[in-house]
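The values are calculated or read from the model by the stated rules, or taken from the named source; none is laboratory data. All of these numbers come straight from a predicted model, not from anything done at the bench. With ideal geometry, Cβ positions are generated from the backbone for all residues, glycine too; neighbour counts draw on all protein chains shown. The protein model used for the area step is the full one, side chains on, heavy atoms only, and it has no ligands, DNA or RNA in it. Shrake-Rupley method; radii C 1.70, N 1.55, O 1.52, S 1.80 Å.
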Protein chains: 2
Amino acid sequence: MAVAARTMGGMAQMLTEAAPADVRAACRDGAAVPTSGLAPGYTQANLVVLPREWAYDFLLFAQRNPQPVPLLDVTDAGSPRTVLAPDADLRTDLPRYRVWRDGELTDEPTDVTDLWSGDLVAFLIGCSFSFETALLDAGVPVRNIEQGRNVSMFRTDRACRSAGRLSGPLVVTMRPVPGELVTTAVQVTARMPQVHGAPVHVGPPEGLGIADLARPDFGDPVEAHAGDVPVFWACGVTPQAALMASRPPFAITHAPGHMFVTDVPDSVYRLP
Amino acid sequence: MAVAARTMGGMAQMLTEAAPADVRAACRDGAAVPTSGLAPGYTQANLVVLPREWAYDFLLFAQRNPQPVPLLDVTDAGSPRTVLAPDADLRTDLPRYRVWRDGELTDEPTDVTDLWSGDLVAFLIGCSFSFETALLDAGVPVRNIEQGRNVSMFRTDRACRSAGRLSGPLVVTMRPVPGELVTTAVQVTARMPQVHGAPVHVGPPEGLGIADLARPDFGDPVEAHAGDVPVFWACGVTPQAALMASRPPFAITHAPGHMFVTDVPDSVYRLP
């Protein structure tokens, strides 16, 4: 296990300089590494796969909640192909998947070929990894990256617009931003609506019904520096939370942090 | 008929200064006037109403073709209510509708209450009226408005991404823009992706497979001034054309130029 972990660490290092197709090929060969920092400059995507009978509700939920659920592509039923990476196979090219039955997590495989069927529709959803790169490029520190932690995520008291069987609260990420750089952080992310866009809230967490920033609902606590202000963005966990609460008979998602690496440069999703 | 036309002209004049709710109330009372120029500063929307069984294909077509089909809202099946104007009733509040059966136009009523059912889903789609106002505000002349004509629309040789039973060519509007203002026109409309966004093509119409600008496929010919360049934007006729080609058993749309007037200020759809 320790050997495997070291091998994975070396693999991750090698993939940091790899092209998207190389990362996907390594995943296809079984590399089950988190994708943060891999193939830098290329968009990574959240994956949700559902039976066709649930696809309309999910598509409508996305249309009604574009900040937490920015859809980058939706496949034809049964097809493992996406325009975001024409050579990729969605059944094999993510590092790790989660399999859900009746809303319960039942498995975390590295390949879902055996589970695939002509009835499944895959949704690829924008991810805040894209705007973290843009924040860093603009000189805004990203504390979770500095501290080597997963970003802090919180359920809020804001309800999403419901769609058929899907409803739930808005889930947000929180990043502490130096007060003098909040304007920059807003402007940079506002130009990226397809990867969650501008913050939904800046400042007191009570405004979103969040009791304690030190106790996130998902991810890790992240420490603020003196002068930092908490800034909250819509989060891609929102649709997964709504989906699992409504308990579809079958679903596949990516495993947290183990995203689909696309061929689309992040710049495509930056407005002028 | 001449009296009716004069009355309609007077009505249109009065409504030019009206609030959105007043325009919708007049429509509810039978005013069957085109909505161009009414309730200025408020977003107008295209309407497509389909049986639930066709709604997924249409929603997917919109997701895959956001420039010609920018969805502003989708109703719950059976509901005539939209978040774009909470007090409105989509069955009565447009000035004129079109009713389609098996892809054929069968009626043009001013009220569709009798045709409504719990099975229908309404799609509200952004309209270039919003960006024409923004162009004028930025000093870009809009020749079709100057000439009192409908905008010129053309089928192109570019295919939309198909979705289930829906496929078809991209349809565009063309506006002649003075060469020195093309940059302004691109920048202004690029900031409004929910009302068709930036041009898809500038210059030679052959680049889109258009043979003759004097012979539009829909709308009126519009005369260019010396020094004008043809500028092409994705057009909301695209989804209607795809839909009618695929012949759903039943559909309702707005009548051309007779849009749904929302309570949403145009500024909401302008990015910073």
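Once you've got the GNM for chain A with C-alpha springs shorter than 10 Å, pick whichever of A:P239, A:P86, A:P141 has the biggest mean-square fluctuation.
Looking only at A:P239, A:P86, A:P141, the largest GNM fluctuation is found for A:P86.
Starting from the Cα of A:E104, step 7 Å along the direction of its Cβ; do the same at A:S167; then give the gap between the two resulting points in nm.
Calculated label separation equals 2.6 nm.
Say the dipole of region B:129-239 comes from +1 at the beta carbon of Lys and Arg and -1 at that of Asp and Glu; which of B:C235, B:P178, B:P221 then lies farthest toward its positive end?
So the residue we want is B:C235.
Report, as an integer, the average count of C-beta atoms from other chains found within 10 Å of each Cβ along A:73-81.
2
Of A:A138, A:G118, B:A62, which is farthest on the positive side of the dipole of the protein assembly as shown, counting Cα position, with +1 on Lys and Arg Cβ, -1 on Asp and Glu Cβ, and the Cα centre as origin?
Farthest towards the positive pole: A:G118.
Taking beta carbons within 10 Å but only from partner chains, what does the mean come to for residues A:192-204?
Numbers: counts 0, 3, 2, 0, 0, 1, 2, 0, 0, 0, 0, 0, 0.
Shielding by partners across A:192-204 averages 1.
Counting only the backbone N, which residues of region B:167-196 are under 17 Å from the spot 7 Å out from the Cα of A:L271 toward its beta-carbon?
Under 17 Å, as judged by backbone N against the label point of A:L271, lie B:184-196 of region B:167-196.
Please report, for B:S167, the nm distances (one decimal) from its label point, 7 Å out from Cα along the beta-carbon direction, to the equivalent points in the remaining copies, shortest first.
Inter-copy label distances (nm, one decimal, shortest first): 4.0.
I need the calculated FRET efficiency for the pair B:D212 and A:E146, taking r as the beta carbon distance and R₀ as 51 Å, to the nearest 0.05. Could you put the intermediate results ahead of the total?
Working: r = 61 Å, r/R0 = 1.19.
Efficiency, from the Cβ-Cβ distance: 0.25.
Give me the percent of the accessible area of region A:129-235 that comes from carbon and sulfur atoms, probe 1.4 Å, all protein chains in place.
Carbon-and-sulfur percentage of accessible area, whole number: 51.
A:G209 label points, 7 Å along Cα→Cβ, one per copy: pairwise distances from this copy to the rest in nm, shortest first?
So the label point of A:G209 gives 5.1 nm to the other copies.
Take every residue in peptide B:60-67, count the Cβ atoms of other chains within 10 Å of its Cβ, and give the average of those counts.
Shielding by partners across B:60-67 averages 3.
To the nearest Å, what is the center-to-center distance of region B:228-244 and region A:180-206, using C-alpha atoms only?
Rounded to whole Å, the Cα centres lie 34 Å apart.
In whole angstrom, how far apart do the alpha carbon centroids of region B:248-272 and region A:43-115 sit?
31
Chains A and B: what accessible area do they bury, summed, in square angstrom to the nearest 100, with a 1.4 Å probe? Please list the in-between numbers first.
Values: alone 11740 and 11730 Å², together 21860 Å².
When A and B are taken together, about 1600 Å² of accessible area is lost.
For chain B, with a Gaussian network of springs between Cα atoms less than 10 Å apart, report the residue from B:G139, B:G41, B:G30 with the top mean-square fluctuation.
Fluctuation is largest for B:G139.
Among B:L105, B:L90, B:L166, determine the one that fluctuates most according to a GNM of chain B built with springs between C-alpha atoms less than 10 Å apart.
Highest fluctuation of the listed residues: B:L105.
Over region B:18-159, consider all pairs of different Cα atoms and compute the Kirkwood hydrodynamic radius from their mean reciprocal separation; express it in Å, one decimal.
16.7
Distances over 23 Å make up what percent of all Cα-Cα pairs in region A:129-235?
Pairs farther apart than 23 Å: 23 percent.
Over region B:129-239, calculate the relative contact order: mean separation of alpha carbon pairs under 8 Å at least 6 apart, over the residue count, as a percent.
That works out to 36 percent.
What number in nm² do you get for the protein assembly as shown if you take the convex hull of its Cα atoms and divide its surface by four?
Here the figure is 26.9 nm², rounded to one decimal.
Over the Cα atoms, compute the radius of gyration (one decimal) and Dmax (the largest Cα-Cα distance, rounded to a whole number) for chain A, in Å.
Gyration radius and largest Cα-Cα distance of chain A: 17.9, 54 Å.
Quickly estimate the mean residue ellipticity at 222 nm for the protein assembly as shown, helices only: each DSSP H run with n ≥ 4 gives -39500 (n - 2.57), and the total goes over all residues, rounded to 500.
-7500 deg cm²/dmol
If the chain between A:A190 and A:A19 were fully stretched, how many nm would it gain, using 0.36 nm times the residue separation less the Cα-Cα distance?
Stretched out fully, the A:A190 to A:A19 stretch lengthens by 58.8 nm.
Nearest 20 debye, what's the magnitude of the dipole of region A:129-235 about its Cα centre given +1 on Lys and Arg Cβ and -1 on Asp and Glu Cβ?
That gives region A:129-235 a dipole magnitude of about 480 debye.
Between copies, how close do the B:A226 label points come, placed 7 Å along Cα→Cβ, listed in nm from shortest?
7.0
Residues of the protein assembly as shown: accessible area per residue at 1.4 Å, in Å²?
On a per-residue basis, the protein assembly as shown sits at 40 Å².
To the nearest 20 Debye, how big is the dipole of the protein assembly as shown about its Cα centre, given +1 on the beta carbon of each Lys and Arg and -1 on that of each Asp and Glu?
In total the dipole reaches around 140 debye.
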